[in-house]
Amino acid sequence: MDLVDAITSRRSIRAFKPEPVPRRIVRELLVTAVRAPSGVNSQPWEFYLVSGNALDELREACTEKYRLGIEPKPDITIPSIGNVGPRLRGIYRDRSVRLAKQIFEAVGILKGDDERLREYYENMYHFFGAPAVLIIVHDKLLSGGWPLVDSGIMAQTIALMAQQYGLGTCIMRAIVDYPDTLREIVKIPDSKFIVIGMAIGKPDWDHPINNILSEREALENILTFVD
């Protein structure tokens, strides 16, 4: 796949086919992805690929915590328009709200339909039916914000590479909302900082939610030339 095509066609997949992702494919993908840049070549990232029974257990545990109203406490502070982390404000909140409206329109959730909204969030904690999730962590020996920059670069690299294999991804906070649950089920040691999760699998292109193309700010509003 052409690089420009990969970047412009990539989108967050929120409906997956159930067919499993072969471990061989994930290994091939990551062999290339680890060529991503990192600060002073520190390569802080480590990966956990979760599928099968462990993924089923993780889905159910996270969904149950959501149903019980247990507040998410991810290791990394992630801003949102909800009740997790610092609240987005101004234009940043407006962009997020516009995406939410696109999603709710695609799945037929009307304003005030709390039952359908709850079902959507439960599906989110089922990781949109993805047959596998990839969790990116780094060692707590690494301090400061730079390892998070490196992990972000890695997440984007994986998302682009996945398309080469006909796979789709969704970079998701929900996967890492309950780090204690992750550490228990996935056996991630306390010495690791859980950064982000990625749902991965074959996209269900028949589902209208995967036809969403989120908006992007006009370049004129975010680019400054300095001579």
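The values are calculated or read from the model by the stated rules, or taken from the named source; none is laboratory data. Everything numeric here is computed off the predicted structure, so don't read it as measured data. Cβ atoms come from the backbone with ideal geometry, glycine included; neighbour counts cover every protein chain shown. We work out accessible area using only protein heavy atoms, side chains counted, and drop any ligands, DNA or RNA first. Shrake-Rupley method; radii C 1.70, N 1.55, O 1.52, S 1.80 Å.
Listing for the model above:
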read-out	value
Within the accessible area of the chain (1.4 Å probe), percent carbon and sulfur	54
The chain, accessible area per residue, ligands and nucleic acids excluded (1.4 Å, Å²)	58
Hits among aspartates and glutamates - C-alpha to C-alpha of K65 under 15 Å, sequence gap 8 or more where chains match	D56, E57, E119, E122, D177, D180, E184
Estimated dipole of the chain in Debye, rounded to 20 [Cβ of Lys and Arg +1, of Asp and Glu -1, Cα centre]	100
Estimated inter-spin distance, E19 and E64, nm [label 7 Å along Cα→Cβ]	3.3
Gyration tensor over alpha-carbon atoms, region 171-227, equivalent ellipsoid semi-axes in Å	34, 23, 8
Inter-part distance where region 1-78 and region 114-188 are each reduced to a Cα centre, Å	4
Of the DSSP H helices in the chain, those whose Cα atoms cover at least 20 Å axially and whose Kyte score averages -0.5 or more	90-107, 146-164
Highest to lowest packing among 150-163, 213-226, 64-77, 5-18, scored as the average C-beta count within 10 Å	150-163, 5-18, 64-77, 213-226
Cβ-derived FRET efficiency at R0 45 Å, E115 paired with F225, nearest 0.05	0.35
Inter-label distance, nm, simple model (7 Å from Cα along the C-beta direction), S214/V149	2.2
Qualifying lysines (Cα of each under 16 Å from Cα of K17; at least 8 residues distant if same chain)	K202
Amide N proximity, region 17-59 versus Q164 label position 7 Å along Cα-to-Cβ, cut-off under 20 Å	21-38, 43-49
Simple label model, 7 Å out from Cα along Cβ direction - V4 to V40, nm	3.8
Among I78, I196, I188, residue whose mean-square fluctuation peaks in a GNM of the chain (springs only between Cα atoms under 10 Å)	I78
Which of Y92, Y120, Y48 is most accessible, then next, and so on - probe 1.4 Å	Y92, Y48, Y120
P(r) histogram, all alpha-carbon pairs of region 101-148 included - 10 Å bins from 0, percent	21, 31, 21, 22, 6
Given K140/K187; K73/K187; K73/K140, the pairs whose alpha carbons are separated by over 21 Å	none
